[in-house]
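Enquirer: Dropping the structure in here first, questions after.
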Amino acid sequence: MFLIVGGDSEVGGAVVNALRSEGAPVIGTTRRRGMASADRPWLDLGDLPAGWAPPEGTRAVCIAGAIARLADCEADPIGSARVNCTGTIDLARRLAGRGIYTLFLSTNQVFDGRTPHMAADAKLSPMSEYGRQKARTEVALRRLMADGAPVGILRLSKVATPGMKLFADWREKLRAGRSVRAFGDMTLAPVPVALVVRAIVVMMRERIARVAQLTGPRDITYLGAARYLAVVVGADPDLVETARAADIGLPPGATPGHTTLDSGFLAEAHGIVVPEAFDVVGEVVRGMV
């Protein structure tokens, strides 16, 4: 049995759907009480019940649930840390005590973004509140790993999904001949959600107890992504206007120069290789209805 904590998140839901399509036993949790059911149990990392236990037969767990918006973590560092740190660490410790493999999804935000292709064992240097929370949780989980617990960490950059709202909004406006604004000082190295799912499933099935990373090979700016998107949909790239993220008061750490991480382990050991950023953008846009 696989358990996906945060099964109604974009990544968590994609993992649940992929495993079910293979006929694998899987349960995804929800933190929305109104959506809870027998096959979608309620679990809130911000309010983890003292007597909570995983479903009978659980062999591997992926912790995909988190408060992931930088602005939300900056606005409420205490409340967000209850989910991203306290509850997550508590859950991982309980699972480790039962010998259940636990995979924690982390982020390139644990680094300051000054250097591309950061190594998995590089010193953590977060600049955002979200990054600091993820780094704090990583430190606790790596202690469990060092003690022999079956724990893995998977760091990700921006995950590109078929219904990605930003790209969908750009596409709609550009196809209508309307201008869009995109940041020339913010970068991304997107990873298709299908490859993220593949990495998660491999790590859970093989109980890989290490830090792995998965990002695109090179960063592009959001401005570059928008102009390429315009070409893909047959619009005039000049409709894309340059904006500056620095001018709109984004929280600290929102504009790292680099989001790429060294993804060599998953590429070499499991053949999981992320395409170039423009190819990912094109794939997402062409897949939109």
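The values are calculated or read from the model by the stated rules, or taken from the named source; none is laboratory data. Owing to the predicted nature of the structure, the values given are computational and were not obtained by experimental measurement. Reconstructed Cβ throughout: ideal geometry from the backbone, glycine too, with neighbour counts over all protein chains shown.
Enquirer: Are any residues in the stretch 174-197 in contact with a Leu (Cβ under 8 Å, 6 or more places away or on another chain) and either free of Cβ contacts under 8 Å to residues at least 40 places away in the same chain or within 16 Å of residue 10 (Cβ to Cβ) (or both), and if so, which ones?
Expert: 191, 195, 196
Enquirer: Testing residue 120 on (1) assigned to a loop (DSSP other than H, G, I, E, B); (2) out of contact with any strand residue (DSSP E or B) (no Cβ under 6 Å at 6 or more places or on another chain), one condition comes back false. Which one is that?
Expert: The one condition residue 120 does not meet is (2).
Enquirer: Can we say residue 150 is surrounded by fewer than 22 Cβ atoms within 10 Å (Cβ to Cβ) and in contact with a strand residue (DSSP E or B) (Cβ under 6 Å, 6 or more places away or on another chain)?
Expert: In short, yes.
Enquirer: Sort out which residues of the stretch 94-113 are surrounded by fewer than 17 Cβ atoms within 10 Å (Cβ to Cβ), in contact (Cβ under 8 Å) with a residue 12 or more places away in the chain and either in contact with a His (Cβ under 7 Å, 6 or more places away or on another chain) or under 18 Å from residue 48 (Cα atoms) (or both), and write them in order of number.
Expert: Answer for the stretch 94-113, where residues must be surrounded by fewer than 17 Cβ atoms within 10 Å (Cβ to Cβ), in contact (Cβ under 8 Å) with a residue 12 or more places away in the chain and either in contact with a His (Cβ under 7 Å, 6 or more places away or on another chain) or under 18 Å from residue 48 (Cα atoms) (or both): 94, 98.
Enquirer: Looking at this structure, is residue 86 in a helix (DSSP H, G or I) and either polar (S, T, N, Q) or at pLDDT below 95 (or both)?
Expert: yes
Enquirer: Between a residue in the stretch 6-27 that is free of Cβ contacts under 8 Å to residues at least 12 places away in the same chain and any residue that is not charged (D, E, K, R), which pairs come within a Cβ distance under 7 Å, given they are 6 or more apart or on different chains?
Expert: From residues that are free of Cβ contacts under 8 Å to residues at least 12 places away in the same chain, the pairs are 20/26.
Enquirer: Still on this structure: Could you look through the stretch 198-249, keep only residues that are free of Cβ contacts under 8 Å to residues at least 40 places away in the same chain and β-branched (Val, Ile, Thr), and pick out the one that is surrounded by the most Cβ atoms within 10 Å (Cβ to Cβ)?
Expert: 221
Enquirer: For a quick check of your reading of the model, give me the residue pairs whose first member lies in the stretch 36-61 and is aromatic (Phe, Trp, Tyr), whose second is modelled with pLDDT under 90, with beta-carbon atoms closer than 8 Å and at least 6 apart or on different chains.
Expert: Pairs found: 42/31; 42/32; 42/33; 42/36.
Enquirer: Of 281, 202, 240, 273, which residue is at pLDDT 95 or above, touching a helix residue (DSSP H, G or I) at 6+ places or on another chain (Cβ under 6 Å) and over 25 Å from residue 64 (Cα atoms)?
Expert: On inspection, the qualifying residue turns out to be 240.
Enquirer: Being assigned by TED's automatic domain parsing to the domain that holds residue 170 and modelled with pLDDT of 95 or more is the requirement here; does residue 207 meet it?
Expert: No: the conditions fail for residue 207.
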